Amino acid sequence: IAPPERETPDLTPSLRQRLREVKVDPWLLADITALHSNRGRRPRSDPDNPCGPKALPLHNPFGSRPRFIASGKTTASLPAETVHEIAFIGRSNVGKSSLLNALTGVRSLAKVSDKPGKTQALNFFEVGKGPSCFHLVDMPGYGFAFAREEAIAAWRDLSADYLRQRNTLKLVLVVIDCKIGLKPADLTLLQFLEANRVRYTIVLTKADAAGPPTRIAQCASLVEASIGKARMLQKPLMVVSSFNGCGIGRLQRRCIQVATGKDPMAHVDGGWDVKSRSSQGSRPSPQGSRSSSSV
């Protein structure tokens, strides 16, 4: 009988070590630092509930109150493909539903829970009106969830079919916890999107809990470095906080631009995002220098 194999020690660097070693663009850091001072602030009376009744007023730029229209647990039960769609997907408990509420300005549009696996279907929400109408789609989280294995497998298959087959899907927002960064499950999703030629943008959420601007810039730089070159990745990478509103204005504008081809929010400056650098090495001016910078 052969002797048992020795366990191979885990030599993967810790997240803290990788953050220390990652190279941060000084202009990116300056950008985040400048806008960090303009972030919104939650009332002290309600510090733990960003979408509660005492939270900051949320801006709705879509022209009408967003509304829930359908929930589908099978491909056949999904609404007809009549308008453009932008989908939200991410690991369980990364803040997808909170982000959707902050993005639409409706605090209770999507159900928020600390229990992983709260979203168990594809939930469709209508925003805008007339020719500018489009759908936001809240997808089930992947990874750990309090649910039966059969249910989790059904969510996974439904999500895969939707991402592969939906003709009206314009963009997938892959939501990543800024404090944690990319996990193997996230990389598997990105590989799936690349293989099926689905356009996606990375959204780093919970930036308010990630630490000072230096740490946030390190997190964003590490995610960019981990992804590398990707054909379907739509830059810039976005850094947001559903808690204090940073980055929400720009993400709203991004969604409207992608879904309608219009930019009705040119006057809105909502917080942090990460500008893509050109191959020629040109650097953008720090966004904090704009006189219009506000949350």
Subset of region 158-208 (residues that are surrounded by fewer than 17 Cβ atoms within 10 Å (Cβ to Cβ), over 16 Å from the mean Cα position of the chain (by Cα) and in contact (Cβ under 8 Å) with a residue 12 or more places away in the chain) = Ala160, Asp161, Arg164, Gln165, Asn167, Thr168, Phe192, Glu194, Asn196, Arg197
Filtering region 66-85 down to residues that are touching a residue at least 24 places away in the same chain (Cβ under 8 Å) and outside any loop (DSSP other than H, G, I, E, B), which residue is nearest to the chain's Cα centre (by Cα)?
-> Glu85
Given the conditions (1) modelled with pLDDT of 90 or more; (2) among the charged types (D, E, K, R); (3) over 13 Å from the mean Cα position of the chain (by Cα), report the number of the one that Asp263 does not fulfil.
-> (1)
Go through region 125-160 and give me each residue that's at pLDDT 80 or above, within 14 Å of Ile89 (Cβ to Cβ) and either part of a strand (DSSP E or B) or of a type in the set (A, V, I, L, M, F, W, C) (or both).
-> Leu136, Val137, Asp138, Met139, Tyr142, Leu158, Ala160
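The values are calculated or read from the model by the stated rules, or taken from the named source; none is laboratory data. Because the structure is predicted, anything quoted here is derived from the model rather than measured. Counting neighbours? That spans all protein chains shown, and the Cβs are built from the backbone with ideal geometry, glycine included.
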